[in-house]
Every structure is written in C-alpha cells, then in structure tokens.
1. Out of everything in segment A:397-423 that is within 11 Å of RNA strand B (Cβ to nearest atom) and open to solvent by less than 20 Å² (accessible area, probe 1.4 Å), what residue ends up being farthest from A:ARG20 (Cα to Cα)?
2. Quick one: in segment A:149-174, of everything that is surrounded by 21 or more Cβ atoms within 10 Å (Cβ to Cβ) and within 13 Å of RNA strand B (Cβ to nearest atom), which residue is nearest to the chain's Cα centre (by Cα)?
3. Determine which member of the set A:ILE427, A:ILE459 is over 41 Å from the mean Cα position of the chain (by Cα) and at pLDDT 90 or above.
4. Show me the helices (runs of 4 or more DSSP H) entirely contained within segment A:222-298 in which 2 or more residues are touching a residue at least 40 places away in the same chain (Cβ under 8 Å), more than 21 Å from A:ALA202 (Cα to Cα) and not acidic (Asp, Glu).
5. Being in contact (Cβ under 8 Å) with a residue 60 or more places away in the chain and of a type outside the set (A, V, I, L, M, F, W, C) narrows it down to one residue among A:SER400, A:SER343; which is it?
6. Only one of A:LEU375, A:LEU394, A:LEU385 is within 12 Å of RNA strand B (Cβ to nearest atom) and more than 25 Å from A:LYS28 (Cα to Cα); which?
7. What number of residues in segment A:83-119 are under 27 Å from A:ALA43 (Cα atoms), away from RNA strand B (no atom under 16 Å from the Cβ), open to solvent by 90 Å² or more (accessible area, probe 1.4 Å) and at pLDDT below 75?
8. Considering only segment A:22-55, how many residues are open to solvent by 50 Å² or more (accessible area, probe 1.4 Å), under 23 Å from A:PRO110 (Cβ atoms) and either in contact with a strand residue (DSSP E or B) (Cβ under 7 Å, 6 or more places away or on another chain) or more than 16 Å from RNA strand B (Cβ to nearest atom) (or both)?
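The values are calculated or read from the model by the stated rules, or taken from the named source; none is laboratory data. This structure is a prediction, so every number in the text was calculated from the model and none was measured. Note that each Cβ is placed from the backbone with ideal geometry, even for glycine, and that neighbours are counted across all protein chains shown. Note: accessible area is taken over every heavy atom of the protein model, side chains too, but ligands, DNA and RNA are not part of it. Shrake-Rupley method; radii C 1.70, N 1.55, O 1.52, S 1.80 Å.
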Amino acid sequence: MKPSIPQGTRDFSPAEVRKRQYILGILKEIFEEYGFLPLETPAMENLTTLTGKYGEEGDRLIFKILNNGLHDKKEEAKSKLNEEWAKMLEKPYNTPKVTERALRYDLTIPFARFVVMHQHELAFPFRRYQMQPVWRADRPQKGRYREFWQCDADVVGSASLINEAELLCIYRSAFHKMKLPGVVVKVNSRKLLAGLAEICNAPDKMMDITIALDKLDKIGWEGVTKELQQRNIEQSGIDTIEKIISVTGSNEEKLRVLEQLMGTSNSALAGITELRDTLKYHDALKSNEWKSELQVDISLARGLNYYTGVIVEVVSNAVKMGSIGGGGRYDNLTGLFGLKNMSGVGVSFGIDRIYDVLDELKLFPENLDITTQVLLVNFGKEDELYSLKVMQQLRTEGISAEIYPDNIKFDKQMKYANKRSIPYVIIIGEQERAEQKVSLKNFVTGEQQVLSIVDAIDILKGT
RNA sequence: GAGGCUAUAGCUCAGUUGGUUAGAGCGUCGGAUUGUGGUUCCGAAGGUCGUGGGUUCGAGACCCAUUAGCCUCCCCA
C-alpha cells in the first residue's frame with residue numbers, strides 16, 4: 001500500500017523538530033521567567049466539555065471520536081448501536097451512543113475545566129502555560145492545519161490589568177528573542193467594540209460590526225461598508241464607524257480622540273480606561289530593546305465570543321500570513337463549569353505559523369542541525385570492543401558519540417558521517433589499539449592526527 | 001458550506017494536434033575505491049501513468065464518474 005497521512009497533518013523530520021523545539025524553548029523560558037507553571041491535559045475531552053464554547057462554526061469543527069462500543073459482546077447492544085448509526089447518517093447529528101468524546105479544539109477550555117476541577121488545590125491567581133497539539137476538522141490550506149500546536153499562557157483569578165500588560169510583554173519579549181521583524185502587537189477592547197455598536201444604534205450587532213471591521217486590512221473600507229450594509233447597519237452608524245477607524249496618531253492620541261467621539265457610551269469609556277491602564281503598566285514593564293510595535297487598533301476583533309475585555313492579536317508585516325498569536329480577557333470562563341467570579345486572561349502563540357515565518361525569513365540559528373559530535377568507525381572484532389570503551393569515555397565527558405554499528409566498507413562509514421554532518425570521526429584500527437591511541441579526523445578541514453584519548457577529548461571539548 | 005487547480009519512478013517534474021518499447025534530474029543500490037567522506041566517472045534496480053468506466057483501429061493525453069492532495073473564499077492559529 002501507498003503510505004500516507006491524514007489531510008492537514010504533518011510529519012516533523014529531525015531537522016524540523018529541532019527548529020520547533022527552538023521556538024518552544026524560547027517560549028518556555030519566557031513563560032517560566034514570568035512565573036507561569038506548566039500544565040498538560042488529555043488529547044481528548046468529553047464532548048460536552050467542548051460543545052457550545054466556540055460558537056456555531058467552532059462546534060462544527062470539533063473532531064469527534066467514535067465510541068468503540070463495537071467490542072460489546074451482547075447482540076442487543078450491537079443492534080442498538082446500529083440503530084443509532086442509522087439515525088445519525090439519516091440527518092447528521094451526534095448522539096451520545098455514537099460519540100461522547102472529542103479531540104481538544106484549543107487549550108483554553110480544557111484549562112478552564114482543569115481550574116474548576118482542581119480549584120481547591122490551586123493557589124490563585126493561577127498562572128499556567130501549556131504547549132500541546134489541538135485538532136480542528138477545518139479545511140486545510142496554507143498556514144492552516146487539522147493538527148497544530150498551541151502555546152498558551154493564561155492567568156486566572158485576577159482582574160488586574162497588570163496581567164494584560166505582562167502578557168503583552170511576553171509577546172514582545174518572545175518575538176524579540178526570535179529576532180522576528182515587523183511584529184505588530186495590536187490591542188483593542190471588547191468594551192470599546194460594544195460601545196461602538198451602541199453609538200451606531202445597534203447594540204445587539206456588536207459581532208456583526210466587529211466581523212466586518214476585522215476585514216478592513218483585507219477588503220478595504222469600501223468592502224467593509226458593503227458588508228456593514230448587508231448586516232443592516234444604518235448609514236449614520238457606518239459614517240460614525242468611518243470617523244472612528246480613521247483616527248490616527250500615537251496610542252494615547254488615538255484614545256483621546258476616541259474618548260471624544262464615543263463619550264456617550266459608558267462601555268466605550270470603560271474600554272478606553274482599561275486600554276489606557278494596560279498601556280501604563282506595559283510602559284513600566286517594557287524593555288527598550290524590543291523593536292515590535294504596540295498599537296491600539298479598534299478594527300481588531302477576535303472570533304471567540306468568550307472574550308469580554310482587552311483583546312490582542314499579533315501579526316508580522318514581514319510576511320504575508322495570518323495572525324501568529326492572539327488572546328484576551330474572559331471574565332467568566334470558568335462560570336461555564338460552575339465556578340463563578342473567576343476572571344481570566346490569556347495569550348496564545350501559533351507556533352506552526354511562527355515556524356513558517358521564521359523559516360521563510362531564514363531566522364533559525366544555523367547550529368540547530370548539529371547532532372552527534374563524533375562517529376567512531378567500526379573495524380570489527382577486537383577493534384570495535386576497544387572502540388566501545390573509548391566511546392563511553394567520550395560520553396562520560398559530555399561528548400555525544402556514536403559508533404557505526406556494522407562492520408561495513410570504510411568509505412560507506414565515511415559517507416554516513418558526511419551525510420549526517422558529523423564534525424569529527426575517530427578511527428581505531430589495529431595500530432591505534434596497539435598504541436592505546438585514536439586517529440581523530442576533523443571532517444570540516446579534513447585534518448587527521450593520531451592522539452592519546454585524553455588529547456582527543458580535549459580537542460572535542462574545545463569545540 | 002462555495003469555488004479553482006492538480007494526480008506519470010522513492011522525490012521534483014517533462015511527455016508535441018491521440019500513434020511503436022513512457023523519459024530527465026535528484027535519491028537509492030553496485031562498481032572504479034575493503035584504512036579515508038564531499039567532487040567525478042561507469043552501471044543497475046525502480047512505473048498496471050490515482051481508481052472505475054467511456055470515445056477510438058489506437059488513450060498517459062480526450063469525455064464522464066470517483067477518490068486523494070493543494071489552493072482561494074467563509075472562519076480561524
């Protein structure tokens with residue numbers, strides 16, 4: 001049979017894993033630096049944990065897991081299952097008989113579930129980071145996969161805007177460490193968007209307005225106007241929106257003008273205040289080394305409807321690609337699972353996209369592909385036994401070493417070392433063994449010398 | 001959910017208005033060269049042309065269906 005993998009999934013070759021680990025390593029380091037603790041949750045959740053949390057569209061994209069009731073030995077149970085199957089096929093919907101588990105769709109909802117289940121053991125505010133794959137039954141395309149990784153950091157149990165500011169700093173610090181150019185961290189507030197809907201006389205149409213507005217970059221103001229008309233927004237409202245999104249200047253200047261334009265809405269004023277306070281905290285925390293921009297952007301919307309306060313999204317202008325991260329404040333996330341008054345805020349890094357961007361811009365460090373430092377050539381018989389001892393000595397000294405396990409032709413072994421980009425080869429034959437020495441060949445320069453084991457170790461350690 | 005493109009060797013792809021025995025590069029394996037890699041040279045293996053049907057004297061090519069992959073919109077990371 002022809003080997004294949006499911007649509008939207010990928011193998012990661014050793015070189016790719018190295019690169020991915022480079023990204024994960026930077027994130028992990030920063031998360032820990034900011035006091036976040038690691039968490040892992042199962043790949044699958046109970047279906048009821050996930051449904052209804054991501055909107056109608058999201059629900060459709062959840063990967064459901066078939067019950068394995070087929071192992072049930074009772075004929076009665078089997079026929080019951082067949083009935084359910086038939087029902088499901090007739091008009092597509094799910095019954096608990098057929099599926100009651102699903103692959104996790106993101107890391108936030110499982111986190112909320114975890115917090116509620118472990119509320120008595122946790123010290124609040126609880127900060128956790130989590131880096132694991134998630135699955136979506138989406139149609140794959142460039143930069144979009146059915147299995148992809150998310151790296152989230154969330155704080156739950158604190159309403160302070162210091163958390164928002166810290167998360168903004170995590171973004172800026174991480175992309176600074178990756179040397180990613182053209183990074184723009186956009187912030188907005190759901191309250192501001194709610195206020196916008198209010199002053200457009202359409203308080204119940206916040207989602208319609210924000211979805212249309214979110215496309216500003218893509219389809220321009222003309223396209224957005226059309227979309228707003230389609231969504232039945234009054235012309236006076238559209239004019240107001242135009243005025244508001246045309247506001248330019250520094251973040252503080254923007255906020256000042258927005259305050260004048262939207263002063264009649266308490267919600268908008270609350271949004272402006274929280275953005276102002278977040279920026280104030282951020283300014284106290286920030287490093288002058290960071291080259292990314294932090295922009296208040298009222299056209300920023302985020303799809304997930306559990307956000308209630310500050311929202312954030314990160315893009316890189318250096319590459320044509322969707323957002324590489326996003327997040328926001330959700331006031332009542334754990335309320336869904338029965339734990340009230342537990343405000344949370346979090347950010348997510350889309351490392352698959354970050355990978356694509358870094359790869360395209362050739363920003364991965366070059367030394368990532370170094371693996372084994374030295375290969376011992378195998379000459380068979382007593383030579384290889386002596387080589388094994390030498391090899392363990394090297395490993396004890398912290399030098400990664402491997403022996404070619406089979407006694408095949410010399411040049412094949414050399415070709416192997418070359419292909420693996422192993423920088424050193426140790427040759428131990430009869431002569432070297434008799435003298436208790438090794439021949440050390442530098443594969444980059446081609447130089448070779450006969451040395452005592454101690455001297456060889458010194459050279460290998462020096463590089 | 002809507003639309004577009006593609007499918008030929010392990011990989012990337014040629015293949016003329018339909019015409020004899022389907023090609024190249026890379027990779028793999030063997031040899032030149034069993035104590036010295038990269039470069040080079042010689043040789044070999046490897047294909048029911050995605051699958052099923054149709055048109056035709058004749059189909060890798062044309063038509064229909066089907067499956068899979070890629071991409072765009074929607075939505076999202």
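1. Within segment A:397-423, the match that is farthest from A:ARG20 (Cα to Cα) is A:GLN413.
2. That would be A:CYS151.
3. From the options A:ILE427, A:ILE459, the qualifying one is A:ILE427.
4. Those helices (runs of 4 or more DSSP H) span A:251-261, A:266-285.
5. A:SER343
6. Unique residue meeting the criteria: A:LEU375.
7. 2
8. Residues flagged as open to solvent by 50 Å² or more (accessible area, probe 1.4 Å), under 23 Å from A:PRO110 (Cβ atoms) and either in contact with a strand residue (DSSP E or B) (Cβ under 7 Å, 6 or more places away or on another chain) or more than 16 Å from RNA strand B (Cβ to nearest atom) (or both) within segment A:22-55 amount to 9.
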